[in-house]
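Comments concern the structure below.
The values are calculated or read from the model by the stated rules, or taken from the named source; none is laboratory data. None of these values were measured; they are calculated from a predicted model. With ideal geometry, Cβ positions are generated from the backbone for all residues, glycine too; neighbour counts draw on all protein chains shown. The accessibility values were calculated without ligands, DNA or RNA, using every heavy atom of the protein model including side chains. Shrake-Rupley method; radii C 1.70, N 1.55, O 1.52, S 1.80 Å.
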Amino acid sequence: MVENPVVRSLMDPAPYSVSEDETLTMAWEVLERSGQRALPVVRADGCCAGVLDRAELAVACAGAALPRRRVRDLVHPRRTVRLHPDEALSDAAAVMTEEDTDALPVTDRRGQLVGLLTARDYVAAAAGLHRRAAALAEGPARVALPGLPPRPGAREHGIVIP
């Protein structure tokens, strides 16, 4: 790894995201099809409202009145810690540890979502398996809803979902 690495060097610059107005059912479907373990939530203005993780979404989806529940119901009641792409990775790791989270949204100075940093990114980097953000950025950008990625069985392992 480079000396004094920054968040930009490990983050996923094109994570799938979901609107805060979507249903929990749709959020679960995006997580299932994308293979992500955390799902950034964006407001209509493109600013990041938070991140849902697979476990909390699974618990919420098990409840009654599911078709009426919206993503905002889970995200808004809590504080969301965000990172900037140029923050030191050591600071990001400290925040993840202090906040007891495996994923943090990366935003620009206006709060617009520009990426997602996960504990999985750290592990991959430590093992020498992480692809640099610059290489990922050259590929097709992922989009927020509408439009779902293919189901995991419908794509080959190791191919980035367009």
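Annotations
- Number of the exception - residue 80 against (1) touching a helix residue (DSSP H, G or I) at 6+ places or on another chain (Cβ under 8 Å); (2) at pLDDT below 90; (3) of a type outside the set (A, V, I, L, M, F, W, C): (1)
- Condition check for residue 41: open to solvent by less than 50 Å² (accessible area, probe 1.4 Å) and of a type in the set (Val, Ile, Thr): yes
- In summary, residue 106 fulfils each of the numbered conditions (1) open to solvent by less than 80 Å² (accessible area, probe 1.4 Å); (2) farther than 17 Å from residue 30 by Cβ; (3) at pLDDT below 90 with the single exception of condition (3).
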